[in-house]
Amino acid sequence: MDNLRGAAFMVIAMLCFAIEDALIKQLSDTIPPGQVLGFLCFGGLVLFVIWSLIARQPLWHRDYLHRGVIARSTCEIIGSCFFVSALALIPLTTASAVIQATPLLVALAASLFLGQPMGWPRWTAIFIGFCGVVLIIRPGMDGFIPATLLAVGGMLGLAARDVITRGLNVQLTGMQFGMHAFALVTPAALLLSFIQGDTLAIPQGTEWALLAGGVLIGSLAYLAIVAATRIGNAGIISSFRYSRMLFALIIGYFAFNERPDLATIFGITIVVGAGLFTLWREARLRRTSLASQPAL
């Protein structure tokens with residue numbers, strides 16, 4: 001029952017993230033992507049502050065100055081800025097497909113930098129998964145869109161964030177991590193817009209509604225993913241992260257008239273399949289390790 005509830009929360013979170021991506025892409029037609037990201041992060045920060053005050057949680061924590069926490073939020077800045085820039089320039093489906101390889105990169109980095117053991121089956125799955133990413137991007141071939149490399153930059157930044165998070169030993173809650181990241185991403189996103197030479201765009205009626213929707217949906221996604229990770233089997237529940245790709249395909253088709261070609265669909269299938277296999281192997285090895293521990 002816990003696994004079913006956790007899976008449901010994860011699917012809800014992925015649906016919300018896919019909708020938020022679509023809203024960002026829509027808004028980027030009239031508002032520079034850096035400013036869109038800045039507006040959304042500031043709105044999320046305000047909601048989290050209000051939430052913390054209602055819950056009587058402290059707004060300041062000394063671990064905010066921990067170099068690992070700062071490094072984590074810096075990677076969040078890099079990943080978010082690159083990914084939002086990609087959403088403005090390439091199809092939603094393509095950007096979402098590239099970002100699906102993030103768990104593969106996290107597994108690879110955790111093995112190389114955190115010393116987590118990984119056998120040849122997962123090494124093979126990661127290699128095949130990255131081949132799927134190359135098939136989606138198709139560098140040097142017909143259909144290659146250079147802006148797709150921005151999505152790759154987003155994937156690298158978000159993967160680094162997740163790897164750093166795994167190695168952190170601090171007393172921050174998920175909400176506090178979120179506030180720290182939002183507080184740093186907001187000015188960084190506006191700085192990105194300034195560096196790109198964008199003029200300040202004041203949202204109009206419909207745009208304000210889309211921005212408010214993005215803030216609320218993004219916050220709902222955060223709440224749902226926190227709920228999902230707190231119950232049930234992590235390996236099983238994490239596999240439902242890939243439902244985001246299905247939602248992106250549906251939204252991209254109906255909202256933006258996107259029709260991925262056969263090569264892209266094949267690449268998406270490879271990436272998702274490799275990611276699911278990696279999660280399954282990790283969950284299986286975790287169960288084996290726990291079963292081999294002596295009972296107290």
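The values are calculated or read from the model by the stated rules, or taken from the named source; none is laboratory data. None of these values were measured; they are calculated from a predicted model. Positions of Cβ are backbone-derived with ideal geometry, glycine not excepted, and every protein chain shown enters the neighbour counts. Heads up: the accessible areas ignore ligands, DNA and RNA and are worked out on the full protein's heavy atoms, side chains in. Shrake-Rupley method; radii C 1.70, N 1.55, O 1.52, S 1.80 Å.
Residue by residue, here is whether (1) of a type in the set (Gly, Ala, Ser); (2) part of a helix (DSSP H, G or I); (3) closer than 22 Å to Leu279 by Cα holds:
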{"site": "Phe182", "(1), (2), (3)": "no, yes, no"}
{"site": "Val185", "(1), (2), (3)": "no, yes, no"}
{"site": "Ala188", "(1), (2), (3)": "yes, yes, no"}
{"site": "Thr206", "(1), (2), (3)": "no, yes, no"}
{"site": "Leu246", "(1), (2), (3)": "no, yes, yes"}
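So that you can scan it fast, the table gives a plain yes or no per residue for (1) closer than 24 Å to Ile250 by Cβ; (2) among the β-branched types (Val, Ile, Thr); (3) at pLDDT 95 or above; (4) buried (at least 19 other Cβ atoms within 10 Å of the Cβ):
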{"residue": "Leu4", "(1), (2), (3), (4)": "yes, no, no, no"}
{"residue": "Gln26", "(1), (2), (3), (4)": "yes, no, yes, yes"}
{"residue": "Phe39", "(1), (2), (3), (4)": "no, no, yes, yes"}
{"residue": "Leu47", "(1), (2), (3), (4)": "no, no, no, no"}
{"residue": "Arg56", "(1), (2), (3), (4)": "no, no, no, no"}
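Only one of Leu220, Leu192 is under 24 Å from Ser96 (Cα atoms), of a type in the set (A, V, I, L, M) and open to solvent by 60 Å² or more (accessible area, probe 1.4 Å); which?
Leu220
Mind telling me which of the residues Pro187, Pro203 ends up being farther than 14 Å from Phe9 by Cα, open to solvent by 30 Å² or more (accessible area, probe 1.4 Å) and not aliphatic (A, V, I, L, M)?
Answer to the selection: Pro187.
Could you tell me whether the range 174-182 includes any residue that is open to solvent by 60 Å² or more (accessible area, probe 1.4 Å), among the polar types (S, T, N, Q), at pLDDT below 90 and over 24 Å from Ala248 (Cβ atoms)?
no
Go through Val106, Val84 for me and flag whichever is of a type outside the set (Gly, Ala, Ser), touching a helix residue (DSSP H, G or I) at 6+ places or on another chain (Cβ under 9 Å) and modelled with pLDDT of 90 or more.
Of Val106, Val84, the one residue that is of a type outside the set (Gly, Ala, Ser), touching a helix residue (DSSP H, G or I) at 6+ places or on another chain (Cβ under 9 Å) and modelled with pLDDT of 90 or more is Val84.
Which residues, taken from the range 147-169, are of a type outside the set (Val, Ile, Thr), more than 15 Å from Phe83 (Cβ to Cβ) and under 21 Å from the mean Cα position of the chain (by Cα)?
Arg166, Gly167, Leu168
Name the single residue, out of those in the range 228-253 being β-branched (Val, Ile, Thr) and open to solvent by 40 Å² or more (accessible area, probe 1.4 Å), that is modelled with the highest pLDDT.
Among them, the one singled out is Ile250.
State yes or no: is Thr102 open to solvent by 10 Å² or more (accessible area, probe 1.4 Å) and either in contact with a Lys or Arg (Cβ under 7 Å, 6 or more places away or on another chain) or farther than 30 Å from Phe194 by Cβ (or both)?
no
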